[in-house]
Amino acid sequence: MAKKTGLLSAPIRVFWALDLGIDGGIPRERAVQVAEELIALKVFYITVRMSGNSYATTRTAAGIIRKLSPSAHTTLSLSSPEAFPGWDMAAGIKTLDIYNPVPGGLEKFTKILGSAPGGAAISVTLIPEKGKLEEILETIDEGLKLGIKIFSLANPDLVSPHFLASSPSAGRGGEEERHSRPGFIHTGAGSGRNPAAFILDKDDREFLKQGLESLLAPPPVDRPPHGDIARLLVHDLFLHEALELPGLGRTEYAGCQAGDAVAFIAADGTVYPCATFPFPLGNVKDENFRDIMSGSARGKLRADITALPETCAVCGLAAECKGACRGLALACGGLNLPDPSCVRK
């Protein structure tokens, strides 16, 4: 039986960039309503990412976390230690995530965060990017020395304002650059960094592999290796395969889950299939989250993701990778192209 693309998957993971201080952001009352909608939909995994440190943002975020945490596995993700509302206000979160910190920045985080109560874990999310791989290794080394045990090498955020500021408005007016699949628009890199910076070549992957092995593999001395206590999660399929680190397991790869098992709510309320997929599905300031995820734009998107590019369809490994990251393909040229990180092209 064909999968119904008009219904939410279960469980779905929602990432929400909550910053009420930006121009055009979600009004406080509406943000609380969105939280109630997610609870009503029984969304089980929710990550609230905070970058702003305004009083309104921290107070509202704390209230939203208190609403979500009894029914959802809630992660609070911080890009600034000053955005932390305090453990008394963030009670109930399962994980506190430090998002893409600069080298040397973790110590300040840990001093402000203190000890996580109630078994809440502290994790670090890093975005592999050309020219910054050595910084990633430095940050992981720093985190290990500070006692942090969970690290993620995540796919990039391509829907933040620095990527979309000067690009076409992706379906909301302006000149549209359409590709071979109707309805999709190449948004380009905006006024920020080129998304090609996140495409790692063979030398980049080998550099990361050697660096991670030195940090995580058992050392030639009689002491517990970091690898016995640290957990590394790698989102990109091709980077995961290249690392080949002991204990770096992965469940069966299900292909691009954007708009299916994943959704991203930007700070201005725009709902994207995921943070790496620059195609807007709607805006929670104007629509109910369920209506957006049950709408025709999301249904068509899932159909287009499932229909692989021609070059992928004839690849003998297509059943394994399923086209991999379709959002990165869109950002770098179009959904009719393979994942630009693919090592098999």
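In table form, for the structure just shown:
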| quantity | calculated |
| --- | --- |
| Selected residue (criterion: nearest to Leu41 (Cα to Cα)) from residues of the range 308-318 that are of a type outside the set (A, V, I, L, M, F, W, C) and part of a loop (DSSP other than H, G, I, E, B) | Pro309 |
| Residue identified as among the hydrophobic types (A, V, I, L, M, F, W, C), at negative phi and at pLDDT 80 or above among Ala56, Ala10, Ala91, Ala40 | Ala40 |
| Qualifying positions in the range 271-307 - surrounded by fewer than 22 Cβ atoms within 10 Å (Cβ to Cβ) and part of a strand (DSSP E or B) | Gly282, Asn283 |
| Some residue of the range 79-95 being more than 19 Å from Arg231 (Cα to Cα), open to solvent by 20 Å² or more (accessible area, probe 1.4 Å) and under 19 Å from the mean Cα position of the chain (by Cα) | yes |
| Conditions (1) more than 22 Å from the chain's Cα centre (by Cα); (2) under 21 Å from Ile22 (Cβ atoms); (3) open to solvent by less than 20 Å² (accessible area, probe 1.4 Å): number failed by Cys312 | (2) |
| Residues located in the range 322-343, provided they are open to solvent by less than 10 Å² (accessible area, probe 1.4 Å) and more than 17 Å from Pro273 (Cα to Cα) | Ser341 |
| Some residue of the range 102-118 being within 24 Å of Asp203 (Cα to Cα) and not aromatic (Phe, Trp, Tyr) | yes |
| Failed condition for Cys274, given (1) within 24 Å of Leu78 (Cβ to Cβ); (2) modelled with pLDDT under 90 | (2) |
| Residue that is nearest to Ala72 (Cα to Cα) [pool: residues in the range 31-47 that are open to solvent by 30 Å² or more (accessible area, probe 1.4 Å) and assigned to a loop (DSSP other than H, G, I, E, B)] | Phe44 |
| Filtered residue count, the range 101-138, keeping only those that are surrounded by fewer than 20 Cβ atoms within 10 Å (Cβ to Cβ), modelled with pLDDT of 85 or more and part of a loop (DSSP other than H, G, I, E, B) | 9 |
| Test: Asp260 is more than 30 Å from Lys202 (Cα to Cα), open to solvent by 40 Å² or more (accessible area, probe 1.4 Å) and of a type outside the set (Lys, Arg) | no |
| Selected residue (criterion: farthest from Ala91 (Cα to Cα)) from residues of the range 20-37 that are small (Gly, Ala, Ser) and at pLDDT 90 or above | Ala31 |
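The values are calculated or read from the model by the stated rules, or taken from the named source; none is laboratory data. Note that this is a predicted model, so its numbers are computed, not measured. Don't worry about glycine lacking a Cβ; one is built from the backbone with ideal geometry, like all the others, and counts go over all protein chains shown. With ligands, DNA and RNA removed, areas are computed over all heavy atoms of the protein, side chains included. Shrake-Rupley method; radii C 1.70, N 1.55, O 1.52, S 1.80 Å.
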